[in-house]
Amino acid sequence: MQSDTLTRKQPLPTKTYALAARAFLAEIRRNANDAWYQLQDCADGFPTLWTTPGNVIALLRYLKHKIPHPFAMLYDLTAIDERLRINDYGRPQGTQKPDFTVVYQLLSVERDLFIRIKVPLTENALSLPSATALWPNANWYEREVWDLFGIAFDGHPHLRRIMMPHTWKGHPLRKDHHARATEVDPFTLSDEKQDREQEALRFRPEEWGMADHGEDSDYMFLNLGPNHPSVHGVFRVALQLDGEQIIDSVPDIGYHHRGAEKMAERQAWHSYMPYTDRIDYLGGVMNNLPYVLALEQLAGIKVPPRAQTIRVMMAELFRISSHLVFYGTFAQDVGQMSPVFYMFIDREKLFGIVEAITGGRMHPAWFRIGGVAQDLPEGWDRMVREFLDYMPARLAEYEGMVLKNKLLQKRTRGIGVYNTAEALDWGITGPGLRATGLDWDLRKRRPYSGYEQFEFDVPTANGGDCFDRCVVRVEEIRQSLRIIEQCLNNMPSGPYKSDHPLTTPPAKERTMEDIETLIQHFVNNSWGPVMPVGESCFPIEATKGLNSYHIVSDGGTTSYRTRIRTPSFPHLQMIPHISNGLMVADLIAIIASIDFVMADVDR
């Protein structure tokens, strides 16, 4: 399928992100209803508009359909429990402090601009109209807000829990909900409770929006997962089948939910770093990057060039590692058994480099606020050079094994197709978006960590099917090799960490030279740094799409609210749209092509 006309539009001629933000604010002042919004300044520069529950849908509709160069994507939707917040945080004058705030984040790929819409709510009126008529991916986001905060969305087609079991009491991201099991009575399981839990697990098709029969036939219902090799983790798809044809499919998530956002509220800023590694657990230090960038943006920390380049090199190594896992398992899921073994061998070679540099392999938790944990070790350049010399021939061999395999092509071409407009509607980012023909990569459009200094291409395809999603990722491996080679050839000298007082920890060798550094080292390693009051969000182009941490600081040593926006969450939501009407075997290829990690979905 060819991409729609949106892909052929030229982006606005803005030189910087700040210019794009100013242009948007000037435009909305001229054309929007003044009663719709009030402005707030935020550390991340996202234009932030406060509106009322009665005006929110009108404002969202204007931003998606009526403004030139519209905000086609609902990038994220979450909430904040404001009741324990102490410090003023830039709320517009004249607005009363809310009990809860619902936060919408929108993205315009034509403007290269993110914006934020905030809606204040009081505890006795926790409801908003649903945005599912504007964006289909609002469905899961609104369910998550209801599940974790207890905020209802009027008109939602199926408002029920999504992360927590249906028998769960309370809403876990409220401030009055416990964070640790030790804060409540010990767990007990009476016979009555066990029966109640078992009954809650009973599958009733009508509760999933399914009918048990049609005019001409009775349907069969099949649970794919939550434990099955082809669903790559604890993920379930309830299928309604007529023979082998999929009549309806309902993804069911939450089996891997560990409360990662709740954990952030009780961890010091730097001690939360290892938790980020476990989100997209194939992405390694790529997960650290949006977290530290958001904190550095909030605190005004300038990262030295050497640290930035090291971060880019390590992030691209993990992009290759993640894509190798995808490449091998994608081939395996459609019937090729050999490629995954070869590709895991290459991944092990890459992990040898990661281990030599960081001391860890899959989860090194190696980035730090202001830089990285330590400098590059002696001999790192030789190991990286050997890998760069080794990998291109392997990729050429894999192309013959996988991409040129006629059976794989027949299984994946024309399957799971969507175009650019559909991708934006569903919140699809990363390779899945670029496979529709849209040349949009955050490393080019809104460069961070020095990416503007690197030469690389943005791979695209035009079919928007399973095969093209694989082709784009394979070419991204080659582009990552280009970036890594430039890091190798142009690694700057200088410090590997900022000397800002909020970096964690300061250079240890200086702690015995002056008392100020010793105190800083002690305080930052015991209590942790105190971040300024405010909020910051920093999206990056992660392995599977756009990933960001929206961090709210109340001026303490821990986060008041940390929101983790992951790419896999909206990606899985699209499964029914692109698989209904196809065969079960096609669904397996579709799931493989999405390249998700359940920890990235459930958090």
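Read-outs throughout are calculated quantities, based only on the coordinates presented, and are distinct from any laboratory measurement. Owing to the predicted nature of the structure, the values given are computational and were not obtained by experimental measurement. So basically every Cβ, Gly included, is an ideal-geometry build from the backbone, and we count neighbours across all protein chains shown.
With an 8 Å cut-off on Cα pairs and a minimum separation of 6 or more residues, tell me the relative contact order of the stretch 5-154 in percent. It comes to 24 percent, rounded to a whole number. What the Cα atoms of the chain give is an Rg and a Dmax of 24.1, 84 Å. Taking 0.36 nm per residue of separation and subtracting the Cα-Cα distance, full extension of the segment from residue 61 to residue 403 would add 118.9 nm. If you plug the beta carbon distance of residue 125 and residue 374 into 1/(1 + (r/R0)^6) with R0 = 60 Å, you get a FRET efficiency near 0.70.
Relative contact order for the chain using alpha-carbon pairs under 8 Å, separation at least 6, rounded to a whole percent? Show your work: numbers first, answer last.
On the way: 1132 pairs, mean separation 107.9, N = 603.
Answer for the chain is 18 percent.
Residues whose amide H falls under 5 Å from that of residue 437, counting only those 5 or more places apart or on a different chain, are 461, with hydrogens built in the peptide plane.
How would the stretch 369-468 be classified by its alpha-carbon gyration tensor: rounded, prolate or oblate, with rounded meaning a/c under 1.5 and the a/b versus b/c comparison settling the rest? Each step should come with its number before you reach the end.
On the way: a/c = 3.00, a/b = 1.36, b/c = 2.20.
Verdict is oblate for the stretch 369-468.
Before rounding to the nearest 500, sum -39500 (n - 2.57) across all DSSP H runs of length at least 4 in the chain and divide by the residue total; then give [θ] at 222 nm in deg cm²/dmol. Display every interim value, and only then the final one.
Numbers: 20 runs with 217 residues, N = 603.
It comes out at -11000 deg cm²/dmol, rounded to the nearest 500.
Note on 426, 50, 527: ascending count of other Cβ atoms within 10 Å places them as 527, 50, 426, the fewest first.
Using a simple charge model, +1 on the beta-carbon of Lys and Arg, -1 on the beta-carbon of Asp and Glu, nothing else, what dipole does the stretch 39-178 show about its Cα centre, in debye to the nearest 20? Write out the running numbers ahead of the final one.
Working: 16 positive and 15 negative charges, 44 e Å.
Computed charge dipole of the stretch 39-178: roughly 200 debye.
Each peptide in 106-117, 349-360 was scored by the mean count of other Cβ atoms within 10 Å over its residues; highest first, the order is 106-117, 349-360.
Considering every alpha-carbon pair of the stretch 385-530, the percent of pairs per 5 Å bin, from zero through the bin containing the longest distance, is 2, 8, 12, 13, 12, 11, 10, 9, 8, 7, 5, 3, 1, 0. Summarise the long-distance tail of P(r) for the stretch 5-154 by giving the % of C-alpha pairs beyond 25 Å. Tail of the P(r) past 25 Å holds 28 percent of the pairs. List the residues whose amide H sits under 5 Å from the amide H of residue 268, counting only those 5 or more places along or on another chain, with H placed 1.01 Å from N in the peptide plane. Placed amide hydrogens put nothing under 5 Å from residue 268. The HN-Hα couplings worked out from phi for the stretch 17-24 by the Karplus form 6.51 cos²θ - 1.76 cosθ + 1.60 (θ = phi - 60°) are 5, 4, 5, 4, 5, 5, 5, 5 Hz, whole numbers, x standing for Gly and Pro. Residues in the stretch 105-110 carry Karplus couplings, in order, of 10, 10, 10, 10, 6, 6 Hz; the curve used is 6.51 cos²θ - 1.76 cosθ + 1.60 with θ = phi - 60°, and Gly or Pro positions show x. The mean sequence distance of close C-alpha pairs (under 8 Å, at least 6 residues apart), as a share of the length of the stretch 401-468, puts its relative contact order at 44 percent. When the C-alpha to C-alpha distance is required to be over 25 Å, the pairs from 97/169; 302/508; 302/349; 410/444; 64/262; 66/444 that qualify are 97/169; 302/349; 410/444; 64/262; 66/444.
Dipole magnitude for the chain: computed about the Cα centre from +1 point charges on Lys and Arg Cβ and -1 point charges on Asp and Glu Cβ, it is near 1300 debye. Out of the DSSP beta bridges found with both residues in the stretch 5-154, what percent are antiparallel (nearest 5)? Taking every DSSP beta bridge with both residues in the stretch 5-154, the antiparallel ones total about 75 percent.
Given axes a ≥ b ≥ c from the Cα gyration tensor, I'd like to know whether the stretch 474-581 is rounded (a/c under 1.5), prolate (a/b larger than b/c) or oblate. Oblate, since a/c reaches 1.5 and b/c is not below a/b.
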